[in-house]
Every structure is written in structure tokens, then in C-alpha cells.
Amino acid sequence: MTINDFYRFKKKVDKIAMVTCYDYSIASVIADTNIDCVLVGDSVSMVVYGYESTIHATMEMMKLHVTAVKNGLKNSKMIIADMPFMSFRKNKYESAENASVLIKAGADAVKIEGIDGHEETIKYIIESGIPVMGHLGLTPQYIKSLGRYSIQGKDEKTAEKIFSDAIKLEKIGCFSIVLECVPEKLATEITKKLKIPTIGIGSGKKTDGQVLVINDMIGLFPSSPSFVKKYLNLSEEIKKAMNDYSREVKDNENN
Ligand code: KIV
């Protein structure tokens with residue numbers, strides 16, 4: 001999949017299936033699946049490092065995890081990398097420099113949360129030859145000002161703001177937009193209005209694609225959001241394997 005395929009997907013050839021990934025081993029497995037593209041999300045700071053929010057993700061962290069995922073996927077899937085908290089807020093030149101670090105590490109595109117105050121920066125990054133995926137609705141990097149993780153765009157005013165931001169992001173050249181935790185009605189309206197594909201998470205079924213945090217969907221993260229369908233209960237499988245191994249060691253059955 002390349003950026004051109006995103007537009008093809010919008011014409012309803014198929015829906016886009018995206019998951020997050022942070023390491024080499026899982027990326028090697030994903031390489032042999034029908035997943036369309038992979039997000040090296042700043043959620044890495046929560047699910048891999050155990051921080052309470054994504055604001056602890058750094059450029060150094062993102063660069064290392066993009067490298068690991070690229071090594072596992074080889075060239076099998078398109079990689080989108082999150083620009084971490086504050087990495088696109090200084091000025092457009094330093095922001096583009098940060099985006100280029102992730103591209104050189106193996107990403108094909110970057111994702112940037114929000115738009116207020118960095119619209120020009122997003123435009124400049126795109127004009128520099130780096131594709132940008134937008135991210136609206138619940139933008140976890142803004143958790144300190146949001147106060148809590150909750151559905152965004154429930155009232156008319158906030159819904160209108162998300163709708164007009166989506167139009168702005170399309171206008172400045174984003175190739176796709178993640179809509180996180182917005183009401184299905186709003187996600188549907190935005191999806192119908194835009195020519196670029198929308199990728200939903202906790203935003204209903206009508207978006208052009210879906211994304212999930214892999215640790216949530218495989219049951220490897222203790223505090224997953226309630227909307228997430230678990231396709232596997234890996235923590236239970238791991239516990240069983242650990243206990244089997246431990247018992248065999250103690251019974252002298254292992255080697
Ligand atoms: O960091 C992340 O995992 C994300 C997804 C939730 C879209 O941004």
C-alpha cells in the first residue's frame with residue numbers, strides 16, 4: 001500500500017485496516033497478514049513504557065520504534081509514525097526536521113494531532129514532501145487540557161469545530177484523517193464530505209477504515225478502552241505459558 005492507494009480505498013474498493021505496532025517481532029508477524037498499513041503510535045509510551053499518557057513519547061523513542069517496525073515489516077506495509085507531543089509546535093522548520101527524522105528511520109508518512117496553531121506547520125511539512133495524516137476528535141496529546149478521555153463532538157459547537165477542522169486538513173493536503181472517539185453521526189458526515197479517507201477508532205462503522213492499538217486488540221494491555229473488541233486474550237496465554245515453563249523447570253522437565 002502506498003499513499004496513492006488511500007485515495008483508491010476512498011472510492012470504496014475496500015476498507016482500510018490499520019493497527020499500531022512498536023517492535024520488530026510483532027511487525028514480522030504483521031508482515032504476513034492482510035493488514036493494510038501500520039501506525040507506530042505515540043501510544044508506545046503507554047503500552048510499552050507504562051506511562052499514564054502519550055505525552056511522554058519523545059522523538060528518540062519514536063525514531064527507535066519506527067526503526068524496529070521497519071526492520072520487521074521490511075517493505076511489506078506502509079508505515080505511519082506519530083509526531084510526539086510538542087515535536088511540531090516550535091516552528092515549521094524544526095517540525096519538518098523532526099518529521100524527516102521519522103521518515104529517514106523508515107516511516108512513509110507522519111501523523112499529527114490537532115490543527116490549532118500548527119496549520120501552517122502541517123502545510124509546510126506536506127510541501128516538503130512528507131505525507132501527513134491528520135488526527136481529530138479525542139487527541140490524547142491534549143489530555144491535560146481535555147481533562148479526561150471522552151467522546152468529543154457531542155454538542156453542536158464542538159461537532160462543527162471538528163467538521164470544519166477536517167475540511168481544513170483536507171484543504172492543506174493531508175492524505176487521510178484519524179477520527180478518534182467522535183459520535184458515529186459526525187464521523188459519517190465527515191467521511192461523506194471528504195475526498196480523503198477517514199480512519200476511525202471508537203467512532204462507529206461508517207469511516208473509510210479502522211485503527212486499533214494492537215496491545216488492546218490482542219488482550220495485552222490491562223486498561224483498554226471499552227469500545228475495543230478483543231480478538232485474543234494474550235495475557236492469559238502468556239501467563240499459562242509462564243506457569244507451564246516454571247513448573248517444568250521446578251520439576252526438572254525442561255532440558
Ligand atoms: O498513538 C496511537 O496509537 C494513536 C491511535 C489511537 C490512533 O494515535
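Annotations
- Some residue of the range 27-42 being in contact with a His (Cβ under 7 Å, 6 or more places away or on another chain) and assigned to a helix (DSSP H, G or I): no
- Annotation note: Cβ proximity below 6 Å between a residue of the range 35-61 that is more than 17 Å from Leu102 (Cβ to Cβ) and a residue that is within 8 Å of the ligand (Cβ to nearest atom) and outside any loop (DSSP other than H, G, I, E, B) (sequence gap 6+ or interchain) occurs for no pair.
- Among the residues of the range 4-26, the ones that are at pLDDT 95 or above, assigned to a helix (DSSP H, G or I) and surrounded by 19 or more Cβ atoms within 10 Å (Cβ to Cβ) come to 1 in all.
- Residues that are of a type in the set (Asp, Glu), in a helix (DSSP H, G or I) and within 11 Å of the ligand (Cβ to nearest atom) do not occur anywhere in the range 180-193.
- Checked against the criteria, Thr198 does not count as among the hydroxyl-bearing types (Ser, Thr, Tyr), more than 11 Å from the ligand (Cβ to nearest atom) and surrounded by fewer than 21 Cβ atoms within 10 Å (Cβ to Cβ).
- Filter result for Ala57 (in contact with a Phe, Trp or Tyr (Cβ under 8 Å, 6 or more places away or on another chain) and more than 9 Å from the ligand (Cβ to nearest atom)): no
- Looking only at the range 198-214, and only at residues there that are among the small types (Gly, Ala, Ser) and free of Cβ contacts under 8 Å to residues at least 60 places away in the same chain, the one that is farthest from Val40 (Cα to Cα): Gly204
- Residues within the range 136-173 that are within 19 Å of Thr20 (Cβ to Cβ) and surrounded by 19 or more Cβ atoms within 10 Å (Cβ to Cβ), tallied: 6
- Within the range 208-228, if we keep just the residues that are aliphatic (A, V, I, L, M) and assigned to a helix (DSSP H, G or I), the residue that is farthest from the ligand (Cβ to nearest atom) turns out to be Met217.
- So Lys195, is it closer than 23 Å to Leu39 by Cα and touching a residue at least 40 places away in the same chain (Cβ under 8 Å): yes
The values are calculated or read from the model by the stated rules, or taken from the named source; none is laboratory data. Because the structure is a prediction, the values reported are computed rather than measured. Cβ sites come from the backbone with ideal geometry, for glycine too, and all protein chains shown count toward neighbours.
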